[in-house]
Amino acid sequence: MGFEAGSLPNFAFMTAITFVDTVVSHEPFTNSVLFHELVHVVQYQKLGLIEFATKYVRGFLDGGSYEAIPLEMNAYELEARFAAEPTMPFAVADDVQKRIVACKF
């Protein structure tokens, strides 16, 4: 299909994956992994299933890798923010909404 085998996401190496509001993991959750996946839950809530899926696939196709998907970049960015200061509250939904309005996904 024109993809390098190494550029496709390998689900065997992913700690967890989110489907709308369900998070599936093959190992125990850490706070960081759970936070990252819950960011995806918010993204699904804000975008809806079809728009999330469209933006996820488009992000992969445009960026060429899992790491370049804007929805993933957002989740990793917010996960890092949470990990740096877990007691400092911030609104994930507000950040996601700002990115939607700014067409960052």
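The values are calculated or read from the model by the stated rules, or taken from the named source; none is laboratory data. Keep in mind the model is a prediction, meaning the values are calculated, not measured. Positions of Cβ are generated from backbone atoms using ideal geometry, with glycine treated the same way; all protein chains shown enter the neighbour counts. The accessibility values were calculated without ligands, DNA or RNA, using every heavy atom of the protein model including side chains. Shrake-Rupley method; radii C 1.70, N 1.55, O 1.52, S 1.80 Å.
The table that follows gives values for the structure above.
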| read-out | value |
| --- | --- |
| Thr54-Phe90 pseudo-label distance in nm [points 7 Å out on the Cα-to-Cβ vector] | 2.9 |
| Apportionment of accessible area to carbon and sulfur, the chain, percent (1.4 Å) | 61 |
| Residues of segment 66-85 with amide N under 20 Å of a point placed 7 Å along Cα→Cβ from Ile100 | 69-79 |
| Of Gln45, Ala68, Thr87, farthest towards positive along the dipole that unit charges on Lys, Arg, Asp, Glu beta carbons give the chain | Gln45 |
| Average accessible area per residue (Å²) across the chain - probe 1.4 Å, nucleic acids and ligands excluded | 65 |
| nm² value of the averaged projected area, convex hull over the Cα atoms of the chain | 7.1 |
| For the chain, size of Cβ-based charge dipole, Lys and Arg +1, Asp and Glu -1, in debye | 300 |
